[in-house]
Amino acid sequence: YKDNIYFDKYEDYWSDLNTMAQEEGLNYLDDKNYSKARLQFMRITRYDPENAGAWELLALSQSKLRLARDAAESMKEFEKAYAAIQDVKQLPIDEQRLLREGLIRSAEHMQNVGELDSARATMDLGKADFMKNPEFKGLYEELEGSASK
C-alpha cells in the first residue's frame with residue numbers, strides 16, 4: 001500500500017478487481033442481501049481506504065442492517081475520504097461510478113425514510129460532477145422539487 005506502488009504498477013488489475021468487487025456489492029444491495037453487501041464494501045474499504053463510494057455504500061448497508069453506530073463511523077470515513085478528493089474527474093472510472101451510486105442510493109434511502117434535507121445534502125455533494133448522469137439528475141431534480149413545495 002505504501003505510496004500506491006502496487007496500485008500504480010498493476011493499475012489495470014486493480015481496476016478490474018475493484019469493478020468486480022463493486023458489482024458484487026451493488027448486486028447484493030439490489031437483492032436486499034445487506035449482510036453480504038456490507039462484507040463486500042468492507043473488503044473494498046480495507047484494500048482501498050480512500051474509496052469514498054465504498055465507505056458510503058458500507059454505511060448504507062450498515063443502516064439497512066440497523067447497525068447505527070457502525071453506519072455513523074463509516075459515514076465519518078466517507079466524509080474524510082470525500083474531503084480528500086481533489087477532483088472527482090481524476091478518480092478512476094470505477095471509483096467515480098461507485099461514488100455516484102453511493103450518493104444516489106444513500107439519498108434514495110434517506111428519501112424513503114423521510115430525511116429529505118439529508119437526501120438533498122447528499123445529492124448536492126455530487127451536483128458538480130454527476131448531473132450529466134440521467135439517474136443522478138432525475139433524483140436531484142425530484143428532491144429539489146420536493147423542497148420548493
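Each reported figure results from applying straightforward, stated rules to the coordinates on display, with no laboratory input. All figures in this text were calculated on a predicted structure; none of them were measured in a lab. Note that we place each Cβ from the backbone using ideal geometry, even for glycine, and neighbour counts take in every protein chain shown.
Can you tell me the 0 to 90 degree angle between the C-alpha axis of helix 116-130 and the longest principal axis of the chain, rounded to 10?
50
What do the square roots of 5 times the Cα gyration tensor eigenvalues come to for region 67-149, in whole Å, largest first, as semi-axes of the equivalent ellipsoid?
Those come to 20, 18, 10 Å.
Tell me, in nm to one decimal, what length is gained between Ser15 and Arg66 on full extension, where the rule is 0.36 nm per residue of separation less the Cα-Cα distance?
15.3 nm
If I stretch the segment between Asn112 and Lys89 completely, what's the gain in nm (0.36 nm per residue apart, minus their alpha carbon distance), one decimal?
So the extension gain works out to 5.3 nm.
So what is the relative contact order of region 77-149, in percent, for Cα pairs below 8 Å that sit 6 or more residues apart?
This gives 25 percent for region 77-149.
Hey, what number do you get for the chain at 222 nm if only DSSP H runs of n ≥ 4 count, each worth -39500 (n - 2.57), divided across all residues, to the nearest 500?
Per the formula, -25500 deg cm²/dmol.
Given Cα pairs under 8 Å that are at least 6 residues apart, what percent is the relative contact order of region 4-149?
Answer for region 4-149 is 17 percent.
Can you give the FRET efficiency to the nearest 0.05 for Lys32 and Ala147, using r as the Cβ-Cβ distance and R₀ = 25 Å?
FRET efficiency, Lys32 to Ala147: 0.30.
When the convex hull of the Cα atoms of region 7-84 is projected onto a plane and the area is averaged over all directions, what value comes out in nm²?
Convex hull of Cα atoms, orientation-averaged projection: 4.8 nm².
If you bin every alpha carbon distance in the chain into 10 Å steps from zero, what whole percent lands in each bin?
Per 10 Å bin, starting at zero, the Cα-Cα P(r) for the chain comes out as 12, 42, 36, 10, 1, 0 percent.
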